[in-house]
Amino acid sequence: MTKGVKISKICEKPAKGELKKYLEPKKIYIPLIIHWDDNITVLVKKGDYVFKGDMVAKSRGDFRTPIHASVSGTVLDYEEKYYLCGKKVKCIVIENDFKEKVREEKISKISDFTKEEFINRIKENGLIGLSGSGFPTYIKYDNDLKKIIVDATESNPCTSADFKLMETHIEEILEIIDAVVDIWNMKEGIIAIKKGNNELKTIINSYIGTYVKLRLVEVPNYYISGWEKYLVKKICKVNCKTFPTANGIVVSNIATMFAIYEAIKFNKPLIERVVTFAGPMLNNPANVLVKVGTSTSDIIEFLGGYKEGEKLFVSNGPMMGHSIESDELVISSDLTSVLVMQSQEKRISKTCVRCGECILVCPANISPVLIHETKDNKDYHPEKCIDCGLCSYVCPASINLRSSVRKAKEAIR
Ligand code: SF4
Ligand code: SF4
């Protein structure tokens, strides 16, 4: 396994400053897709009135993940918007009546939950991995778990939404980690941060003392520090052949833990999240609490707009993300960040110089250069790619290896 790479600074993280809130969009656009799965059944029709938190659609695949309305109001129609993968997807448009009507307010005592109740609650509330993975959370927790590792390394450059959540909701996050440790009868729960992140260390250390089964662990500050298998290897010295849950270890990131807290405590579906808006072309970069389905253009206007010049939008960070043509990108639950960069000349790919760097850095132990160069590349296992972007980042010939591997992976899918 690669030890990771130091990434040079790409843009400032908006870590300082308050957590902003933009929770009153006039319309929301609920994307009919969950990560890659667009096999969705719509449960509402034009003219229907929906409450905030109502299930408006559900995936038909194995996971049956529900999709909820993030406002109360009237279903208007369908419209296409950009989704984080750079493609346009069909969205349900709901006109916000600004009443925030919900079916039933329910506050629960977290410590009363059994394992089964916990899993059902996060399933019903449509929780998926909020670090960008989009994997249904209940699947991970429906296992015989011995340990939880909470990823607070926020490895994606330019993103600081998790830091902001820790700064503003540390008590809730520690409470839910401790509850998981108790409910699964684990020996301990671990919070992993990057070595040198003293600000975060101070925040955690100010509260963790009252939780005897929780401890803080610092991991080397390399990309891709938040990769599940990397964390498990570094912290537990276990080499995971498949998912860490097969070894009794569950890894969740900070945003997911906070969403679990809200689902368990308040029965709140996944309808809001914190997203980082950063990049040199924004007047006021910030971390913003937003509703799923909000249009990025509305949020950027709220933040004070753009600087003059050609812009390039990047969803989910410069390493793993996608370029988007316009700010008609819709907030989805698996969107961690929106970067607004200066539009640059397309980088020109040169000829491979056979340096082997892309193979050396690949954490999935595959050969990006061979996948890029070979038409029938299934035998080189592109499906193992974790989409980290390191191969493209290190390539001295500027070859977009990640894109080739991604295409090969999609062809298999
Ligand atoms: S092939 Fe995939 S996993 Fe390997 S370095 Fe490239 S993007 Fe990362
Ligand atoms: S890093 Fe780029 S130049 Fe080096 S072997 Fe891979 S594709 Fe070729």
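The rows are residues; the columns are (1) under 22 Å from the mean Cα position of the chain (by Cα); (2) under 16 Å from Tyr29 (Cα atoms); (3) outside the structural domain of Glu100 (by TED's automatic domain parsing); (4) within 16 Å of ligand 2 (Cβ to nearest atom).
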| residue | (1), (2), (3), (4) |
| --- | --- |
| Leu282 | yes, no, no, no |
| Asn287 | yes, no, no, no |
| Gly293 | yes, yes, no, no |
| Leu312 | yes, no, no, no |
| Pro318 | yes, no, no, no |
| Ile331 | yes, yes, no, no |
| Leu335 | yes, yes, no, no |
| Lys350 | no, no, yes, yes |
*Within the group Lys407, Lys378, which residue is away from ligand 2 (no atom under 14 Å from the Cβ), touching a helix residue (DSSP H, G or I) at 6+ places or on another chain (Cβ under 9 Å) and modelled with pLDDT of 90 or more?*
Lys407
*Residues that are crowded, with 22+ Cβ neighbours inside 10 Å and farther than 14 Å from Ile122 by Cβ, drawn from the range 246-270*: Ile249, Val251, Asn253, Ile254
_Residues (among the basic types (Lys, Arg), in a loop (DSSP other than H, G, I, E, B) and without any contact (Cβ under 8 Å) to a residue 40 or more places away in the chain) located in the range 307-360_ = Lys307, Lys346, Arg354
_If a residue must be under 25 Å from Lys164 (Cα atoms) and polar (S, T, N, Q), how many such residues does the range 324-361 contain?_
4
*Out of all the residues in the range 387-403, which are farther than 11 Å from Met319 by Cβ and not in a helix (DSSP H, G or I)?*
Cys395, Pro396, Ala397, Ser398, Ile399, Asn400
*Is there a residue in the range 389-397 that is near ligand 2 (Cβ under 10 Å from one of its atoms), within 27 Å of the chain's Cα centre (by Cα) and over 15 Å from Val5 (Cβ atoms)?*
no
_Which of the helices (runs of 4 or more DSSP H) found entirely inside the range 103-217 contain at least 1 residues meeting this: closer than 30 Å to Val338 by Cα and within 17 Å of the chain's Cα centre (by Cα)?_
115-124, 137-141, 161-183
*(1) surrounded by fewer than 22 Cβ atoms within 10 Å (Cβ to Cβ); (2) modelled with pLDDT of 95 or more: which one isn't true of Gly61, the others all being true?*
(2)
*Just checking, which of Ile399, Ile386, Ile331, Ile359 is at pLDDT 90 or above, surrounded by 12 or more Cβ atoms within 10 Å (Cβ to Cβ) and near ligand 1 (Cβ under 9 Å from one of its atoms)?*
Ile359
*Looking for whichever is at positive phi and either in contact with a His (Cβ under 9 Å, 6 or more places away or on another chain) or at pLDDT below 95 (or both) here; the options are Gly279, Gly321, Gly305, Gly293. Which one fits?*
Gly279
_One residue is enough: does the range 348-357 have a residue meeting the conditions among the polar types (S, T, N, Q) and within 21 Å of Val5 (Cα to Cα)?_
no
*asked:* Would you confirm, using the coordinates I've provided, whether Lys81 is in contact with a Cys (Cβ under 7 Å, 6 or more places away or on another chain), assigned to a loop (DSSP other than H, G, I, E, B) and buried (at least 20 other Cβ atoms within 10 Å of the Cβ)?
replied: no
*Only residues that are buried (at least 18 other Cβ atoms within 10 Å of the Cβ), farther than 13 Å from Ser70 by Cβ and out of contact with any helix residue (DSSP H, G or I) (no Cβ under 9 Å at 6 or more places or on another chain): list them for the range 271-297, please.*
Ala278, Gly279, Met281, Thr296
*Could you list all residues from the range 298-331 that are under 28 Å from Cys362 (Cα atoms) and out of contact with any helix residue (DSSP H, G or I) (no Cβ under 8 Å at 6 or more places or on another chain)?*
Leu312, Val314, Ser315, Asn316, Gly317, Pro318, Met320, Gly321, His322, Ser323, Ile324
*Can you pull out the residues in the range 5-61 that are closer than 28 Å to Glu410 by Cβ, among the polar types (S, T, N, Q) and outside any strand (DSSP E or B)?*
Asn39
*asked:* I need the full set of residues from the range 373-383 which are more than 10 Å from ligand 1 (Cβ to nearest atom) and either in the same structural domain as Lys229 (by TED's automatic domain parsing) or crowded, with 17+ Cβ neighbours inside 10 Å (or both), in order please.
replied: Asn377
*Could you list all residues from the range 138-182 that are more than 18 Å from Glu218 (Cα to Cα) and of a type in the set (Lys, Arg)?*
Lys140, Lys146, Lys164
*Might you let me know whether the range 24-33 holds any residue that is exposed (fewer than 15 other Cβ atoms within 10 Å of the Cβ) and out of contact with any Ser or Thr (no Cβ under 9 Å at 6 or more places or on another chain)?*
yes
*Kindly indicate the residue of the range 334-356 that is among the small types (Gly, Ala, Ser) and away from ligand 1 (no atom under 16 Å from the Cβ) and also modelled with the lowest pLDDT among those meeting that condition.*
Ser343
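The values are calculated or read from the model by the stated rules, or taken from the named source; none is laboratory data. Since we're looking at a predicted model, the values are computed, not measured. Glycine also receives a Cβ, built like all others from the backbone with ideal geometry; neighbour counts cover every protein chain displayed.
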